[in-house]
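Just so it is clear, none of the values below were taken in a lab; they were calculated from the coordinates. In this text, all values refer to a predicted model and were calculated from it rather than measured experimentally. Cβ atoms come from the backbone with ideal geometry, glycine included; neighbour counts cover every protein chain shown.
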Amino acid sequence: MVDGKVVPSIRLASDSPFQRNHTLLIVCLLLVVNVLPALSDADTGECVSTTDASLLSTELPLLSPFGSYPNPLRLTDQDRQLFHPVVEFPTIQQDEVQIPNVRILDFTKPWEQAQLATEDDRIKCRQLLEQRQRKQEEEGDSYYRDCLSASSFVQERGFGIGRYDEDRVGMYTSDMYTQSNNKEDTPSLKYSMLPQIGYHSLGRTIHVGIDLDGPLHTPVHAFWHGTIHSAGYNADLGDYGNVVVVRHVLPKNMDNDEERVVYALYGHLDQVTVAVEQQWKPGEAVARGDVIGRMGGIHENGGWMIPHVHFQLCIFPPITHDLPGAVSLKDRPRAMQEFPDPRYVLGPLY
């Protein structure tokens, strides 16, 4: 008996070398079947790595708790203690611990207020800004806020969090989400990018980043040192608007001394701090805590009414300054592997 399991006894025959070898082979197989699983069960109790795609099935519920998703980068609490917040949320004290004072948003049901502006709204907003700039030579950052707020072109609701792996019913309504890859006259990067990386263009409602909401022009920080992979303007309604992708080489830790690289996308930013010709060029160094950009308005963030940054991780280098921020349910198991839960960087925000 081995750990409560019966191992059949076998008498070794000595009259033939073939019989002896055959019998030894059977014994070895029985040991593998009976003993090794017992040793595995008595291991250290550490979580098994979920980087094996076979361990992730479509049975993993949507909106699963922190730590449930694949962690291909093997990020730990030790790593997170080193990282800078992407957005510095206000905090409140709870049980003698400071926690972010934010609202956790629910987009599983359609909102009464439109989340996406119309193309006419974006045009009117740009025209209004141009008029204001002509009238006032120097207004500083405040002219964006004054202009947009007065024109009802922005919905500010304080600080909030839009969740990872959320099925966002009724949110993604622009052509970018409802048209097929075969649309010949579209200028969208998405239509050419999605098939190249093997993702479907239709039915993309599963959010694979985290949205960090805040007042217009809230600073957005690099969570760790890195270099600019790409930066630019994704112009389509419902896209990222001004966006930066940073290649981060993660710190080594006690559990993993090999080089770990992740690409982080910071989307829906302002045009001033992201303009490639002014600041971010591929290969340029970024330090932990550097301001990557600021939360933009509808004329610059892809047309989203609520200022926020879409923060997304990717384990492979993007083709350009673009990634699918939402995927189809069919693509979800693969996306959970390739676009890991951003909470592995941000911490258990919810």
Amide H neighbours of Ile292 at under 5 Å, excluding residues fewer than 5 places away on the same chain, with H built from the backbone geometry, are Val220, His221, Ala222
For Lys124 and Ala275, what is the calculated FRET efficiency with R₀ set at 25 Å and r taken between the beta-carbons, to the nearest 0.05? 0.65
Apply the Karplus curve 6.51 cos²θ - 1.76 cosθ + 1.60, θ = phi - 60°, to the phi angles in region 117-131 and return the couplings in whole Hz, x for Gly and Pro. 6, 8, 5, 4, 4, 5, 5, 4, 5, 5, 4, 5, 5, 4, 4
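May I ask you to compute the full-extension gain from Ser64 to Gln98, defined as 0.36 nm times their residue separation minus their alpha-carbon distance, rounded to one decimal in nm?
That works out to 9.9 nm of additional length.
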Packing-based exposure ordering (other Cβ within 10 Å, fewest first) of Val87, Val169: Val169, Val87
From phi via Karplus (6.51, -1.76, 1.60), per-residue ³J(HN,Hα) for region 333-350 in Hz, x at Gly/Pro: x, 5, 4, 4, 7, 8, 10, x, 3, x, 5, 5, 9, 7, x, x, 5, 8
Expressed as a whole number of Å, what is the distance separating the alpha-carbon centroids of region 103-121 and region 273-350? 19
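Given axes a ≥ b ≥ c from the Cα gyration tensor, I'd like to know whether region 288-349 is rounded (a/c under 1.5), prolate (a/b larger than b/c) or oblate.
The shape class here is prolate.
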Gain on full stretching of the segment that runs from Asp106 to Thr320 - 0.36 nm per residue minus C-alpha separation: 74.0 nm
Quick one: grab the alpha carbon gyration tensor of region 212-344, order the square roots of its eigenvalues as a ≥ b ≥ c, and give me rounded if a/c is under 1.5, else prolate or oblate depending on whether a/b is larger than b/c. oblate
